[in-house]
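We did not get these values from a lab; they are worked out from the coordinates using the rules stated. Given the structure is predicted, the values throughout are model-derived calculations rather than measurements. Virtual Cβ from ideal backbone geometry, glycine too; neighbours counted across all protein chains shown.
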Amino acid sequence: MIKKEMIAMLLAGGQGSRLGVLTAKVAKPAVAFGGKYRIIDFPLSNCINSGVDTVGVLTQYQPLRLNTHIGIGIPWDLDRNIGGVTVLPPYEKSTNSEWYTGTANAIYQNIDYMDSFNPDYVLILSGDHIYKMDYEVMLDYHKSKGAEVTLAAMPVPMEEAKRFGILITDDNRQINEFEEKPENPRSNLASMGIYIFNWKTLKEALIANANQPALDFGKHVIPYCHKNGAPIFAYEYNGYWKDVGTLHSYWEANMELVDVVPEFNLYEEYWKIYTKSDVLPPQYISAESEVERSIVSEGSQIYGKVYNSVIGCGVVIGKDTVVRDSIIMNNTEIGAQGEIYKSIIAENVQIGDCVKLGVGEEVQNETDPHIYNNGIVTIGEKSVVPSHVSIGKNTVVSGITTAEDYKDDYLPSGKTLIKVGEES
Amino acid sequence: MRAIGIILAGGNNHRMKELSQKRAISAMPIAGSYRSIDFALSNMTNSHIQRVGVFTQYNARSLNEHLSSSKWWDFGRKQGGLFVFTPTVTSDNNSWYRGTADAIYQNLSFLKNSHEPYVVIASGDCVYKMDYNKVLEYHIEKKADITVVCKDMPAEEKIDRYGVIKMNEDNRIEEFEEKPIMAKFNTVSCGIYVVRRRQLIEMIEKCAEENRNDFVQDILIRYKDLKRMYGYKMQDYWRNIATVEDYFSTNMDFLKPEIRDYFFRQYPDIYSKVDDLPPAKYNIGAKIKNSLVSSGCIINSTVENSIIFKNTFIGNNCTIRNSIILNNVYIGDNSYIENCIVESRDTIRANSHHVGEGEIKIVIEKNERYII
């Protein structure tokens with residue numbers, strides 16, 4: 001008989017629209033982070049490091065990159081005879097066919113998958129946070145409290161509490177009330193979107209609420225369990241946890257990695273983060289280059305000057321080019337004599353010679369100021385930027401652009417230049 | 001699937017000095033991220049050879065660790081696979097491998113149980129990229145019994161540690177001398193051979209009957225007139241690692257852009273065991289020039305014209321110049337290292353001074369490292 005004490009269900013179907021062009025063609029969990037990694041590597045590595053060897057990954061939005069990245073789970077040692085990683089996309093049924101309409105609906109549609117492992121507990125994770133957590137410790141807590149549902153929660157500054165789902169608990173950490181993004185929060189304990197359910201409780205709640213449109217954990221399933229008297233506890237977590245939901249928070253979280261002793265340490269021997277690496281060779285730093293306060297991944301070739309930046313695998317930075325405060329993802333090539341300031345450049349981008357990014361005035365973005373702000377230049381994947389152009393702040397460029405797209409070789413601050421339908 | 005592969009990885013060499021105390025030459029780290037045997041293994045898999053036997057003997061711990069999974073070279077298949085043969089005591093044999101031919105003889109069932117018509121034999125201590133199918137096609141075209149891959153060496157190169165060969169205009173081998181003091185020709189054998197499987201079994205069995213053990217001396221040289229032996233000239237980059245100087249210069253070759261381009265960016269790739277290390281980190285004070293740096297390194301000071309292997313920490317105010325720092329080394333503050341090879345897993349205390357004068361110095365300090 002097949003039996004797993006706890007299995008994990010990882011929600012990876014979201015678009016993450018606040019990451020702008022970075023998620024135009026890939027789901028948010030597949031976005032690169034910290035040089036060689038992708039965001040989903042963090043929860044997947046946490047799973048295997050916590051001894052959870054059965055993980056269902058729920059995909060929906062742009063799954064290709066995610067599918068190729070996960071494969072059969074070899075990098076995370078999740079290629080198992082029984083269990084391992086399984087990618088679970090929405091599927092057609094005999095009576096109806098629907099997309100995943102909400103977080104809990106996605107789990108509901110995969111009840112058969114979970115049932116096949118006879119689990120006692122199901123761990124629900126989301127694929128868009130950066131953190132290290134031992135889920136086994138959380139499970140021990142869940143058992144010791146006699147809980148039916150446990151929510152991981154972390155204290156946040158009171159003034160930020162209104163952006164989160166807030167938990168109000170008694171002295172024993174049992175949850176009395178929930179408040180979703182409250183105006184006047186009564187507590188600063190924020191839910192992290194990590195739940196452990198007793199499988200029986202979860203299954204019953206999912207089936208009872210099956211007809212609820214857009215079935216959601218926070219809005220429907222957990223309140224339902226609470227109403228029915230299931231003991232729900234908060235598991236307080238005090239380590240590093242970062243929601244990289246916006247371009248600015250994404251940029252900041254990457255920049256923190258270059259600190260001498262970063263708050264989030266990738267160099268710990270006993271909690272490794274695993275990823276699929278296609279590139280093996282060492283990186284080359286040329287005689288004319290300078291690299292300081294930066295992290296650089298395998299196979300990159302640096303001929304220019306790199307300060308305070310995060311560089312992915314297989315990146316080429318041309319001679320005399322200065323890169324500062326920027327994130328450059330895998331296999332992007334930057335020509336010579338450029339100046340790259342505070343930019344996020346996605347994968348497989350080609351940037352010509354003498355290109356300046358992030359220069360000029362601070363002007364609000366014309367189309368999506370809530371996405372493109374804080375002076376960051378964002379370049380979408382597989383874009384081409386021709387030689388000798390300058391690009392201002394709060395700008396976004398995507399697609400194969402040519403010199404004609406830049407009046408006077410200049411894209412002023414705040415402009416959006418997205419060319420669609422011209423994929424290479 | 002016309003051929004199976006054999007990689008001879010047992011060798012050791014006193015000319016590698018202290019570097020070979022720890023490991024067989026086939027396990028020597030190369031070019032920051034690789035080990036020497038990765039080149040032969042990757043060539044095998046890139047040539048679609050799926051069934052490969054690796055013969056090891058001398059201090060194979062490091063090598064076995066590297067080969068603990070065959071998935072990195074894509075040998076974890078139902079058809080074929082990677083087989084590691086270390087000497088074992090059996091009912092009718094209790095000796096070590098007395099030579100390369102004996103190593104094959106002691107594992108002859110590997111050859112007998114295969115069905116592929118040909119065998120490609122390579123050694124694990126060479127750095128090169130090669131499509132063995134090209135040699136195989138040549139072998140068939142020439143109707144050869146044995147084909148030996150060879151290379152013309154520059155006149156100034158010392159070749160007294162190679163087998164040297166002379167071919168006629170049809171490339172048939174006329175003379176073959178092993179490690180001559182005075183070499184008469186400058187074409188050397190690269191230690192890569194193609195031979196028909198049944199032919200090899202026959203020759204190896206004959207050899208064993210006569211109590212002969214060495215593949216080169218007792219098969220190639222003895223049979224060179226009896227059998228049709230042809231040379232296949234290789235034009236591309238090829239280096240054998242047998243001395244400290246070779247090892248150093250082969251690694252340093254990777255600082256040249258054309259060599260890096262050939263090995264790192266052109267098809268096909270070289271594969272190695274993946275170590276899941278984070279990106280290299282350059283802190284304030286890092287001044288790095290013309291160097292290769294591997295993943296997992298943390299660098300705080302000056303590095304010039306050097307190769308830093310994986311997982312190495314270089315403290316503040318150090319200078320590393322024209323040196324090779326092998327895997328997992330810790331270098332304390334204010335150290336000065338020039339013209340050295342620092343052995344892997346070593347801990348260099350702060351304020352150390354190591355300079356190779358006239359020749360490359362091998363640094364082995366064996367200090368304890370305390371992890372806080």
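Of note:
- Taken about its Cα centre, the stretch B:31-113 carries a charge dipole of about 180 debye when Lys and Arg each add +1 at the Cβ and Asp and Glu each add -1 at the Cβ.
- Rg/Rh (Cα only; Kirkwood hydrodynamic radius) as it applies to the stretch B:281-363: 0.91
- Measuring r between the beta carbons of A:A210 and A:D79 and using R0 = 22 Å, the FRET efficiency lands at 0.10.
- Test item: Cα-centred dipole of the protein assembly as shown, Lys/Arg +1 and Asp/Glu -1 on Cβ, debye: 1620
- For the protein assembly as shown, the share of DSSP beta bridges that are antiparallel, to the nearest 5, is 35%.
- Sparse-neighbour loop sites [GluC sites (Glu not before Pro); the stretch B:200-246; at most 12 other C-beta within 10 Å; DSSP]: B:E210
- The angle separating the long axis of helix A:247-256 from the principal Cα axis of greatest extent in chain A is about 80 degrees.
- Contact order normalised by residue count of the stretch A:59-155, Cα under 8 Å, 6+ apart, percent: 16
- Over chain B, Cα pairs under 8 Å with separation of 6+ residues give a relative contact order of 15 percent.
- The stretch B:46-105 and the stretch A:120-182: distance between their alpha carbon centers, rounded to Å: 51
- Spherically averaged projected area of the convex hull of Cα atoms, the stretch A:304-379: 4.8 nm².
- Label-point separation, A:S17 to B:H14 (7 Å along Cα→Cβ), nm: 7.6
- The stretch B:300-372: trypsin sites (Lys or Arg not before Pro) in DSSP loop, at most 16 other beta carbons within 10 Å: B:R345, B:R349, B:K366, B:R369
- Restricting the stretch A:281-385 to GluC sites (Glu not before Pro) in coil, as DSSP defines it, with at most 12 other Cβ within 10 Å: A:E361, A:E362
- The charge dipole of the stretch B:281-363, taken about the Cα centre with unit charges on the Cβ atoms of Lys, Arg (+1) and Asp, Glu (-1), comes to about 280 debye, rounded to the nearest 20.
- Paramagnetic label zone (point 7 Å from Cα along Cα-to-C-beta, B:D275; backbone N under 13 Å) in the stretch B:66-83: B:66
- In percent, rounded to a whole number, the relative contact order of the stretch B:281-363 is 20, using alpha-carbon pairs under 8 Å and six or more apart.
- Centroid-to-centroid separation of the stretch A:261-298 and the stretch B:303-372 [C-alpha atoms, Å]: 19
- Placing unit charges on each Cβ (+1 for Lys and Arg, -1 for Asp and Glu) gives the stretch B:171-280 a dipole about its Cα centre, and among B:I270, B:M203, B:N213 the Cα reaching farthest toward its positive end belongs to B:M203.
- Net charge, A:Y341 excluded, C-beta distance under 9 Å - Lys, Arg +1, Asp, Glu -1: +2
- In range of the label at A:V137: residues from the stretch A:19-48 whose backbone nitrogen is under 20 Å from the point 7 Å along Cα→Cβ: A:42-48
- Percent antiparallel among DSSP beta bridges (both partners in chain B, rounded to 5): 35
- Label-to-label distance, B:K184 versus B:D261, with points set 7 angstrom from Cα along the beta-carbon direction: 4.1 nm.
- Cα centroid separation - the stretch B:130-187 against the stretch B:205-272, whole Å: 10
- Projected-area average for chain B over all orientations - Cα convex hull basis, square nanometres: 19.9
- Packing around the peptides B:252-264, A:33-45, A:194-206, A:91-103, taken as the average count of other Cβ atoms within 10 Å per residue, puts them in this order, highest first: A:33-45, A:194-206, B:252-264, A:91-103.
- Considering only A:Y91, B:Q50, A:A147, and ranking their Cα positions along the charge dipole of the protein assembly as shown that arises from unit charges at the beta-carbon of Lys, Arg, Asp and Glu, the one farthest toward the positive end is B:Q50.
- The C-alpha atoms of chain A occupy a region whose extents along the principal axes are 66, 49, 48 Å, arranged from largest to smallest.
- By the Kirkwood approach, averaging reciprocal distances over each pair of separate Cα atoms, the protein assembly as shown gets a hydrodynamic radius of 29.4 Å.
- Calculated FRET efficiency for the pair A:N228/A:E5, C-beta based, R₀ 25 Å, to 0.05: 0.55
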